[in-house]
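Below you'll find the structure, written out as C-alpha coordinates, and then a few comments.
The values are calculated or read from the model by the stated rules, or taken from the named source; none is laboratory data. This is a predicted model, so every value here is computed, not measured. For neighbour counting, all protein chains shown are included, and Cβ atoms are generated from backbone atoms with ideal geometry for every residue, glycine included.
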Amino acid sequence: MNKQIATRVAVIACADWQAVAAQCELYSRKQWFDAVAVLHAQRVVARTAYAAKQGVQIGMRRREAQAVCPELHIAANNKERDRLMFESIVRAVGELVPLVEVSTPGVILLATRGPSRYVGGDDALAQHLHDITHNALALLADGRPIVFGVGIADGRLTALVAAHAADGRYLVIEPGESAQCLAQLPVSVLADFAEIDRDVVSLLHRLGLSCVGDLATMKPSDLVGRFGPVGFELHRLARGFDRHPPITIAPPPERASTHRFELSVEDVNVVVATARTVADELVTHLNNQGVSCVRLHICMQTDHGEQSDRLWYQPEGLTAAAMAERVRWQMDAWIATRGLTSGVVLLRYLPVGLRAREGRQLGLWGGSR
(Lines give C-alpha, C1' and ligand atoms only; values in the text may rest on other atoms or scores of the structure.)
Protein backbone atom coordinates (compact mmCIF):
# COMPACT_ATOMS: atom_id res chain seq x y z
CA MET A 1 0.00 0.00 0.00
CA ASN A 2 1.43 3.41 -1.01
CA LYS A 3 2.16 5.79 1.80
CA GLN A 4 0.01 8.91 1.62
CA ILE A 5 1.72 12.28 1.86
CA ALA A 6 -0.23 15.37 2.87
CA THR A 7 0.20 18.56 0.89
CA ARG A 8 1.97 21.31 2.83
CA VAL A 9 -0.21 24.42 2.64
CA ALA A 10 -0.61 27.88 4.12
CA VAL A 11 -4.01 29.35 4.93
CA ILE A 12 -4.76 33.01 5.59
CA ALA A 13 -8.16 33.33 7.25
CA CYS A 14 -10.41 35.85 8.96
CA ALA A 15 -13.29 34.67 11.10
CA ASP A 16 -16.60 36.35 10.22
CA TRP A 17 -15.17 38.16 7.19
CA GLN A 18 -18.65 39.37 6.22
CA ALA A 19 -18.77 41.54 9.35
CA VAL A 20 -15.19 42.72 8.86
CA ALA A 21 -15.93 43.67 5.23
CA ALA A 22 -18.96 45.66 6.41
CA GLN A 23 -16.75 47.33 9.02
CA CYS A 24 -14.17 48.28 6.37
CA GLU A 25 -16.88 49.62 4.06
CA LEU A 26 -18.13 51.86 6.88
CA TYR A 27 -14.58 53.10 7.43
CA SER A 28 -14.33 54.01 3.74
CA ARG A 29 -17.33 56.28 4.41
CA LYS A 30 -15.52 57.92 7.37
CA GLN A 31 -17.42 55.85 9.93
CA TRP A 32 -16.13 53.23 12.35
CA PHE A 33 -17.95 50.81 14.64
CA ASP A 34 -16.17 48.25 16.80
CA ALA A 35 -19.33 46.17 17.15
CA VAL A 36 -20.76 45.17 13.76
CA ALA A 37 -23.04 42.27 12.89
CA VAL A 38 -24.28 41.07 9.51
CA LEU A 39 -27.83 39.77 9.37
CA HIS A 40 -29.57 37.46 6.95
CA ALA A 41 -33.26 36.63 7.42
CA GLN A 42 -33.14 38.65 10.67
CA ARG A 43 -30.48 36.41 12.21
CA VAL A 44 -26.79 37.07 12.84
CA VAL A 45 -24.56 35.30 10.31
CA ALA A 46 -21.31 37.13 11.16
CA ARG A 47 -20.06 39.54 13.82
CA THR A 48 -16.81 41.31 14.63
CA ALA A 49 -14.53 40.09 17.42
CA TYR A 50 -15.58 42.97 19.67
CA ALA A 51 -19.27 42.14 19.17
CA ALA A 52 -18.57 38.50 19.99
CA LYS A 53 -16.90 39.55 23.27
CA GLN A 54 -20.04 41.51 24.13
CA GLY A 55 -22.12 38.35 23.77
CA VAL A 56 -23.37 38.51 20.17
CA GLN A 57 -23.62 34.96 18.84
CA ILE A 58 -24.18 33.46 15.40
CA GLY A 59 -27.87 32.65 14.92
CA MET A 60 -29.17 35.31 17.30
CA ARG A 61 -32.20 37.31 16.26
CA ARG A 62 -31.73 41.04 15.70
CA ARG A 63 -33.42 42.09 18.94
CA GLU A 64 -31.45 39.59 21.02
CA ALA A 65 -28.17 40.81 19.54
CA GLN A 66 -29.02 44.46 20.18
CA ALA A 67 -30.12 43.65 23.73
CA VAL A 68 -26.73 42.16 24.68
CA CYS A 69 -24.80 44.84 22.76
CA PRO A 70 -26.73 48.15 22.52
CA GLU A 71 -23.97 49.84 20.46
CA LEU A 72 -24.17 47.10 17.82
CA HIS A 73 -24.28 48.36 14.21
CA ILE A 74 -26.39 46.16 11.93
CA ALA A 75 -25.21 45.63 8.34
CA ALA A 76 -26.99 43.87 5.49
CA ASN A 77 -25.62 40.73 3.90
CA ASN A 78 -23.77 41.84 0.74
CA LYS A 79 -21.76 39.21 -1.15
CA GLU A 80 -20.40 41.70 -3.68
CA ARG A 81 -19.00 43.87 -0.87
CA ASP A 82 -17.41 40.80 0.74
CA ARG A 83 -15.67 39.84 -2.50
CA LEU A 84 -14.45 43.29 -3.49
CA MET A 85 -13.12 44.15 -0.03
CA PHE A 86 -11.28 40.84 0.11
CA GLU A 87 -9.75 41.27 -3.32
CA SER A 88 -7.18 43.81 -2.12
CA ILE A 89 -5.82 41.19 0.30
CA VAL A 90 -5.81 38.48 -2.37
CA ARG A 91 -3.95 40.82 -4.70
CA ALA A 92 -1.35 41.61 -2.03
CA VAL A 93 -0.70 37.90 -1.39
CA GLY A 94 -0.64 37.35 -5.15
CA GLU A 95 2.46 39.55 -5.37
CA LEU A 96 4.33 36.77 -3.55
CA VAL A 97 2.48 33.76 -4.98
CA PRO A 98 0.94 34.46 -8.40
CA LEU A 99 -1.66 31.68 -8.21
CA VAL A 100 -3.63 31.52 -4.96
CA GLU A 101 -6.78 29.56 -4.20
CA VAL A 102 -9.98 31.16 -2.95
CA SER A 103 -12.93 29.07 -1.80
CA THR A 104 -14.85 31.86 -0.11
CA PRO A 105 -14.14 35.51 0.79
CA GLY A 106 -12.08 35.52 3.98
CA VAL A 107 -9.93 32.47 3.23
CA ILE A 108 -6.84 32.19 1.00
CA LEU A 109 -4.90 28.97 0.48
CA LEU A 110 -1.53 28.43 -1.20
CA ALA A 111 0.96 25.62 -1.51
CA THR A 112 4.09 26.38 0.54
CA ARG A 113 6.75 24.38 -1.27
CA GLY A 114 8.03 27.13 -3.56
CA PRO A 115 7.37 30.19 -1.37
CA SER A 116 8.91 28.55 1.74
CA ARG A 117 12.12 27.84 -0.11
CA TYR A 118 12.18 31.37 -1.47
CA VAL A 119 11.83 33.16 1.89
CA GLY A 120 13.74 30.68 4.06
CA GLY A 121 11.30 28.20 5.60
CA ASP A 122 7.75 27.88 6.87
CA ASP A 123 8.20 30.20 9.85
CA ALA A 124 9.64 32.93 7.66
CA LEU A 125 6.83 32.42 5.16
CA ALA A 126 4.17 32.63 7.89
CA GLN A 127 5.68 35.87 9.19
CA HIS A 128 5.89 37.25 5.65
CA LEU A 129 2.26 36.39 4.87
CA HIS A 130 1.18 37.89 8.20
CA ASP A 131 2.99 41.14 7.37
CA ILE A 132 1.57 41.26 3.83
CA THR A 133 -1.97 40.71 5.10
CA HIS A 134 -1.81 43.30 7.84
CA ASN A 135 -0.24 45.88 5.53
CA ALA A 136 -3.17 45.35 3.17
CA LEU A 137 -5.61 45.63 6.08
CA ALA A 138 -3.99 48.90 7.13
CA LEU A 139 -5.16 50.39 3.85
CA LEU A 140 -8.71 49.13 4.45
CA ALA A 141 -9.05 50.13 8.11
CA ASP A 142 -6.07 52.35 8.97
CA GLY A 143 -4.53 49.79 11.30
CA ARG A 144 -7.63 49.29 13.43
CA PRO A 145 -8.00 45.88 15.13
CA ILE A 146 -8.96 43.22 12.59
CA VAL A 147 -8.07 39.62 13.35
CA PHE A 148 -6.51 37.78 10.40
CA GLY A 149 -4.53 34.62 11.18
CA VAL A 150 -2.00 32.60 9.19
CA GLY A 151 -1.65 28.84 9.57
CA ILE A 152 0.80 26.45 7.92
CA ALA A 153 0.41 22.69 8.22
CA ASP A 154 0.05 19.39 6.38
CA GLY A 155 -3.36 19.61 4.72
CA ARG A 156 -6.09 22.19 4.32
CA LEU A 157 -8.07 21.33 7.48
CA THR A 158 -5.16 21.59 9.93
CA ALA A 159 -3.86 24.77 8.30
CA LEU A 160 -7.32 26.36 8.50
CA VAL A 161 -7.72 25.38 12.16
CA ALA A 162 -4.24 26.77 12.86
CA ALA A 163 -5.06 30.06 11.12
CA HIS A 164 -8.13 30.56 13.31
CA ALA A 165 -6.27 29.47 16.44
CA ALA A 166 -3.48 31.97 15.66
CA ASP A 167 -5.83 34.78 16.75
CA GLY A 168 -4.38 37.49 14.55
CA ARG A 169 -0.84 36.10 14.50
CA TYR A 170 0.58 33.01 12.81
CA LEU A 171 0.93 29.36 13.79
CA VAL A 172 3.07 26.71 12.09
CA ILE A 173 2.32 23.02 12.65
CA GLU A 174 5.44 20.96 12.07
CA PRO A 175 5.44 18.34 9.27
CA GLY A 176 3.91 15.04 10.36
CA GLU A 177 2.08 16.52 13.37
CA SER A 178 -1.27 17.36 11.78
CA ALA A 179 -3.06 14.20 12.94
CA GLN A 180 -1.82 14.73 16.51
CA CYS A 181 -2.93 18.37 16.39
CA LEU A 182 -6.43 17.39 15.27
CA ALA A 183 -6.85 14.35 17.52
CA GLN A 184 -8.16 16.17 20.62
CA LEU A 185 -10.44 18.56 18.74
CA PRO A 186 -14.22 17.98 18.71
CA VAL A 187 -15.69 16.49 15.54
CA SER A 188 -17.60 19.76 15.06
CA VAL A 189 -14.44 21.18 13.43
CA LEU A 190 -15.25 18.96 10.43
CA ALA A 191 -18.44 20.96 9.89
CA ASP A 192 -16.86 24.29 10.80
CA PHE A 193 -13.74 24.00 8.67
CA ALA A 194 -14.11 21.07 6.23
CA GLU A 195 -17.75 21.57 5.13
CA ILE A 196 -18.87 18.15 6.30
CA ASP A 197 -22.67 18.09 6.69
CA ARG A 198 -23.74 18.95 10.24
CA ASP A 199 -26.21 16.07 10.22
CA VAL A 200 -23.24 13.73 9.75
CA VAL A 201 -21.39 15.41 12.62
CA SER A 202 -24.49 15.11 14.83
CA LEU A 203 -24.67 11.39 14.06
CA LEU A 204 -20.98 11.00 14.96
CA HIS A 205 -21.76 12.49 18.38
CA ARG A 206 -24.68 10.10 18.88
CA LEU A 207 -22.41 7.19 17.99
CA GLY A 208 -19.98 8.25 20.71
CA LEU A 209 -17.33 9.62 18.37
CA SER A 210 -16.75 13.01 19.98
CA CYS A 211 -13.14 13.72 18.98
CA VAL A 212 -11.42 13.72 15.60
CA GLY A 213 -8.90 11.24 16.98
CA ASP A 214 -11.73 8.72 17.51
CA LEU A 215 -12.28 8.69 13.74
CA ALA A 216 -8.57 8.27 12.97
CA THR A 217 -8.38 5.07 15.04
CA MET A 218 -11.30 3.44 13.25
CA LYS A 219 -11.05 1.19 10.22
CA PRO A 220 -11.88 3.04 7.00
CA SER A 221 -14.18 0.18 5.99
CA ASP A 222 -16.32 0.70 9.12
CA LEU A 223 -16.80 4.40 8.36
CA VAL A 224 -17.51 3.74 4.68
CA GLY A 225 -19.99 1.02 5.63
CA ARG A 226 -21.92 3.47 7.83
CA PHE A 227 -21.52 6.75 5.94
CA GLY A 228 -20.73 5.73 2.37
CA PRO A 229 -18.14 7.81 0.45
CA VAL A 230 -18.28 10.51 3.14
CA GLY A 231 -16.89 7.97 5.59
CA PHE A 232 -13.70 7.71 3.56
CA GLU A 233 -13.39 11.49 3.56
CA LEU A 234 -13.92 11.57 7.33
CA HIS A 235 -11.08 9.11 7.81
CA ARG A 236 -8.76 11.10 5.52
CA LEU A 237 -9.50 14.34 7.35
CA ALA A 238 -9.01 12.77 10.79
CA ARG A 239 -5.52 11.65 9.77
CA GLY A 240 -4.54 15.13 8.61
CA PHE A 241 -4.95 14.62 4.87
CA ASP A 242 -6.95 16.83 2.52
CA ARG A 243 -10.54 15.91 1.78
CA HIS A 244 -9.57 16.23 -1.87
CA PRO A 245 -5.91 15.69 -2.78
CA PRO A 246 -4.54 18.00 -5.50
CA ILE A 247 -5.49 15.44 -8.17
CA THR A 248 -7.81 12.77 -6.79
CA ILE A 249 -8.06 10.67 -9.96
CA ALA A 250 -6.50 10.61 -13.41
CA PRO A 251 -7.82 13.59 -15.37
CA PRO A 252 -9.84 12.94 -18.52
CA PRO A 253 -8.32 13.87 -21.90
CA GLU A 254 -8.74 17.40 -23.24
CA ARG A 255 -9.96 18.66 -19.89
CA ALA A 256 -9.05 22.31 -20.53
CA SER A 257 -11.78 24.41 -22.15
CA THR A 258 -10.66 27.57 -23.95
CA HIS A 259 -12.73 30.20 -25.72
CA ARG A 260 -11.19 32.93 -27.89
CA PHE A 261 -13.41 35.92 -28.61
CA GLU A 262 -13.41 37.20 -32.19
CA LEU A 263 -13.48 40.77 -30.86
CA SER A 264 -12.31 41.98 -27.46
CA VAL A 265 -15.18 42.17 -24.94
CA GLU A 266 -15.39 44.74 -22.13
CA ASP A 267 -18.95 43.98 -20.97
CA VAL A 268 -18.86 41.70 -17.91
CA ASN A 269 -22.31 40.27 -18.70
CA VAL A 270 -21.23 39.20 -22.18
CA VAL A 271 -18.11 37.49 -20.81
CA VAL A 272 -20.16 35.72 -18.12
CA ALA A 273 -22.79 34.57 -20.66
CA THR A 274 -20.03 33.07 -22.79
CA ALA A 275 -18.41 31.58 -19.68
CA ARG A 276 -21.68 29.79 -18.86
CA THR A 277 -21.82 28.23 -22.35
CA VAL A 278 -18.21 27.06 -22.10
CA ALA A 279 -18.85 25.77 -18.57
CA ASP A 280 -21.87 23.75 -19.74
CA GLU A 281 -19.68 22.03 -22.32
CA LEU A 282 -16.93 21.35 -19.78
CA VAL A 283 -19.31 19.95 -17.14
CA THR A 284 -20.96 17.71 -19.74
CA HIS A 285 -17.52 16.43 -20.76
CA LEU A 286 -16.56 15.75 -17.15
CA ASN A 287 -19.89 14.05 -16.45
CA ASN A 288 -19.28 11.73 -19.39
CA GLN A 289 -15.96 10.82 -17.77
CA GLY A 290 -17.73 10.17 -14.44
CA VAL A 291 -16.00 13.01 -12.58
CA SER A 292 -16.75 16.48 -11.20
CA CYS A 293 -14.43 19.44 -10.70
CA VAL A 294 -13.67 20.54 -7.12
CA ARG A 295 -10.72 22.84 -7.94
CA LEU A 296 -10.76 25.08 -11.01
CA HIS A 297 -8.13 27.37 -12.52
CA ILE A 298 -9.74 30.28 -14.39
CA CYS A 299 -7.58 32.38 -16.70
CA MET A 300 -8.63 35.50 -18.63
CA GLN A 301 -6.51 37.59 -21.00
CA THR A 302 -7.01 40.94 -22.72
CA ASP A 303 -5.72 41.97 -26.13
CA HIS A 304 -3.17 44.19 -24.35
CA GLY A 305 -1.62 41.17 -22.68
CA GLU A 306 -3.15 41.69 -19.21
CA GLN A 307 -3.98 38.44 -17.46
CA SER A 308 -6.00 37.33 -14.44
CA ASP A 309 -5.47 33.89 -12.86
CA ARG A 310 -7.30 32.45 -9.90
CA LEU A 311 -7.90 29.03 -8.35
CA TRP A 312 -11.41 28.31 -7.02
CA TYR A 313 -12.39 25.47 -4.72
CA GLN A 314 -15.74 23.88 -3.92
CA PRO A 315 -15.63 20.55 -2.04
CA GLU A 316 -18.96 19.30 -3.40
CA GLY A 317 -18.00 20.08 -7.00
CA LEU A 318 -18.51 23.14 -9.19
CA THR A 319 -21.61 23.26 -11.38
CA ALA A 320 -21.68 25.15 -14.69
CA ALA A 321 -23.56 28.00 -13.00
CA ALA A 322 -20.97 28.14 -10.21
CA MET A 323 -18.11 28.25 -12.72
CA ALA A 324 -19.71 31.15 -14.59
CA GLU A 325 -20.37 32.97 -11.31
CA ARG A 326 -16.68 32.62 -10.38
CA VAL A 327 -15.81 34.25 -13.69
CA ARG A 328 -18.06 37.17 -12.74
CA TRP A 329 -16.45 37.48 -9.29
CA GLN A 330 -12.97 37.33 -10.76
CA MET A 331 -13.66 39.86 -13.51
CA ASP A 332 -15.51 42.27 -11.18
CA ALA A 333 -12.56 42.21 -8.79
CA TRP A 334 -10.10 42.59 -11.67
CA ILE A 335 -11.87 45.71 -12.93
CA ALA A 336 -12.41 47.21 -9.47
CA THR A 337 -8.83 46.79 -8.26
CA ARG A 338 -6.68 47.07 -11.37
CA GLY A 339 -8.88 48.33 -14.18
CA LEU A 340 -8.72 47.07 -17.76
CA THR A 341 -7.14 48.97 -20.64
CA SER A 342 -8.83 46.70 -23.18
CA GLY A 343 -11.39 43.93 -23.53
CA VAL A 344 -11.14 40.21 -22.81
CA VAL A 345 -10.03 38.07 -25.74
CA LEU A 346 -9.46 34.69 -24.05
CA LEU A 347 -11.19 32.65 -21.35
CA ARG A 348 -9.82 29.33 -20.12
CA TYR A 349 -11.12 26.79 -17.63
CA LEU A 350 -8.59 24.25 -16.37
CA PRO A 351 -9.85 21.65 -13.85
CA VAL A 352 -6.91 20.86 -11.57
CA GLY A 353 -8.81 18.95 -8.89
CA LEU A 354 -11.23 16.18 -9.81
CA ARG A 355 -13.23 13.62 -7.90
CA ALA A 356 -15.27 10.63 -8.94
CA ARG A 357 -18.97 11.37 -9.10
CA GLU A 358 -20.99 9.49 -6.52
CA GLY A 359 -24.55 8.34 -6.84
CA ARG A 360 -27.19 9.81 -4.54
CA GLN A 361 -29.63 7.85 -2.45
CA LEU A 362 -32.91 9.72 -2.12
CA GLY A 363 -34.47 9.85 1.33
CA LEU A 364 -37.94 8.43 1.89
CA TRP A 365 -39.39 11.90 2.53
CA GLY A 366 -37.26 13.77 0.01
CA GLY A 367 -33.73 15.14 0.10
CA SER A 368 -30.60 13.07 -0.47
CA ARG A 369 -28.54 10.78 1.74
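Here are the numbers for the structure shown:
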| quantity | calculated |
| --- | --- |
| Subset of the range 66-101 (residues that are under 15 Å from the mean Cα position of the chain (by Cα), under 27 Å from residue 53 (Cβ atoms) and aliphatic (A, V, I, L, M)) | 89 |
| Residue that is buried (at least 19 other Cβ atoms within 10 Å of the Cβ) and in a loop (DSSP other than H, G, I, E, B), where the choices are 11, 56 | 56 |
| Any hit, the range 223-239, residues being part of a loop (DSSP other than H, G, I, E, B), at pLDDT below 90, touching a Lys or Arg at 6+ places or on another chain (Cβ under 9 Å) and not small (Gly, Ala, Ser) | no |
| Residue among 75, 51, 35, 92 that is assigned by TED's automatic domain parsing to the domain that holds residue 114, closer than 30 Å to residue 153 by Cβ, touching a Leu at 6+ places or on another chain (Cβ under 8 Å) and surrounded by 13 or more Cβ atoms within 10 Å (Cβ to Cβ) | 51 |
| Test for residue 161: is it surrounded by 16 or more Cβ atoms within 10 Å (Cβ to Cβ), closer than 27 Å to residue 309 by Cα, β-branched (Val, Ile, Thr) and touching a residue at least 12 places away in the same chain (Cβ under 8 Å) | yes |
| Number of the condition not met by residue 46 [criteria: (1) in a strand (DSSP E or B); (2) touching a residue at least 40 places away in the same chain (Cβ under 8 Å)] | (2) |
| Restricting the range 184-206 to residues that are in contact (Cβ under 8 Å) with a residue 40 or more places away in the chain and not charged (D, E, K, R), the residue that is surrounded by the most Cβ atoms within 10 Å (Cβ to Cβ) | 190 |
| Residue list for the range 103-140, restricted to those being closer than 12 Å to residue 9 by Cα, among the hydroxyl-bearing types (Ser, Thr, Tyr) and in a helix (DSSP H, G or I) | 116 |
| Residue within the range 59-66 that is among the aliphatic types (A, V, I, L, M) and under 30 Å from residue 352 (Cα atoms) present | no |
